[in-house]
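Some notes on the structure that comes next.
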Amino acid sequence: MTRMTTPFGFETTALEVLDGVDLTGQAAIITGGAAGIGFEAARALASAGASVTLAVRRPDAAKAVVDGLRHSTGNPAIDVGHLDVADLNSVAAFIDGWTGPLHMLVNNAGIMAVPELQRSPQGFEMQFATNFLGHFALTIGLREALARAGGARIASLSSSGHQFCPVLFDDLSFDFVPYSPIMAYGQSKTATALLAVAITHHWADDGIMCNTLHPGAIATGLQQHTGGLQTPQPLRKTAQQGAATSVLVAASPLLNGIGGLYFEDCNQAHVVVKRPTDFSGGVAPYALDADNAERLWTLAHGLIDRGGKS
């Protein structure tokens, strides 16, 4: 099968991806959109005319960010909403507060390599809860809003870290397997990749497409537990470059009608059969497997139905 390619690449910025694209009249939500690549994705989408909601844990602290974005983009339609994606009750409250169609959902917020086993308010391993399960619940809850948009797009942020671990279906929360910070991170990012496969399969008839992506190695608060980036300097990106693949997946006309794929450096990634040790990227087969995606889809529905009532 031929890989999908675009005119963009490693050094492309988010603003360059959307150069000439008019998103006026379209609504976007970006989780964790007040900093890092989420902020740069918000800036690019707002610059193209979209109304953008930053869904963040500390909305009061993000108000200054919103004011700055409104000023720098000339777009007043930028708002902030409270969302703790690790807490299913907070996710439910955010969903209840959303009105109108939703054209773009960027599931961007995340944590990485939490040193000790921590659990969410509903008892799930924290990285799985934050990176995947909360975003799954958010996406499921916003289905009607996405369908009303007519051609909605979802960007599910994975990572090359998915190569460290598949989904441990029989022990998602490390109740038996000894907890490993990088394995837990890898599992959560494999799960986010599988979300794109399942969403596209189940919701394509509603015009909803979801792709997953690795943004690249960008120095942000994400690496607070890892001692900083381990990626060689020439392979690192700026936040503006890191947000490019996010906005490509969320908004570029080049991907209209395309879903269930894994992108990096603004192009579809190649499949690897062994985890590379040279930072060369690629996607593991288990992160795109349709059977894995369906199993996780069913399992995650059960988890949010049970967990949201805690």
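The values are calculated or read from the model by the stated rules, or taken from the named source; none is laboratory data. Here the structure is a predicted model, which is why all the values come from computation and not from measurement. For neighbour counting, all protein chains shown are included, and Cβ atoms are generated from backbone atoms with ideal geometry for every residue, glycine included. We work out accessible area using only protein heavy atoms, side chains counted, and drop any ligands, DNA or RNA first. Shrake-Rupley method; radii C 1.70, N 1.55, O 1.52, S 1.80 Å.
Numbers below:
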item: Cα-based shape type of the range 239-298, given that a ≥ b ≥ c are square roots of the gyration tensor eigenvalues and the cut on a/c is 1.5; result: oblate
item: Ordering of 87-96, 239-248 by packing [mean C-beta count within 10 Å, highest first]; result: 239-248, 87-96
item: Amide H contacts under 5 Å for Ala55, placed H, 5+ residues apart; result: Ile30, Thr31, Gly32, Gly33, Gly81
item: Peptides 31-41, 132-142 ordered by average Cβ neighbours within 10 Å, highest first; result: 31-41, 132-142
item: Surrounding net charge for Asn211, when Lys and Arg each add one and Asp and Glu each subtract one, Cβ distance under 15 Å; result: +1
item: ³J(HN,Hα), Karplus 6.51/-1.76/1.60, whole Hz, each residue of the range 275-283, x for Gly, Pro; result: 5, x, 10, 10, 6, 8, x, x, 10
item: Shape call, the chain: gyration tensor on alpha carbons, a/c limit 1.5; result: rounded
item: Whole-number percent relative contact order across the range 60-115, with pairs defined as alpha carbons under 8 Å at least 6 apart; result: 19 percent
item: For the range 199-214, Karplus couplings with θ = phi - 60° (6.51, -1.76, 1.60), whole Hz, Gly/Pro x; result: 4, 4, 5, 7, 10, 4, 5, 8, x, 9, 10, 10, 10, 10, 7, 9
item: Placed amide H near Gln26: partners under 5 Å, 5+ positions off or other chain; result: Ser51
item: Carbon/sulfur fraction of accessible area - the range 9-110, other protein chains in place, 1.4 Å, %; result: 50 percent
item: By average C-beta atoms within 10 angstrom, highest first, the peptides 108-115, 254-261; result: 108-115, 254-261
item: Surface accessible to a 1.4 Å probe, per residue, for the residues of the range 122-210, Å²; result: 29 Å²
item: Relative contact order (%) - criterion: Cα under 8 Å, at least six apart; region: the range 251-310; result: 22 percent
item: Cα gyration tensor, the range 109-243 - rounded (a/c under 1.5), prolate or oblate; result: oblate
item: Mean separation of Cα contacts under 8 Å, 6 or more apart, over the residue count of the chain: relative contact order %; result: 21 percent
item: Under Karplus coefficients 6.51, -1.76 and 1.60, residue-wise ³J(HN,Hα) of the range 3-8 in Hz, glycine/proline x; result: 6, 7, 10, 10, x, 9
item: Per residue accessible area of the range 1-109, 1.4 Å probe, in Å²; result: 45 Å²
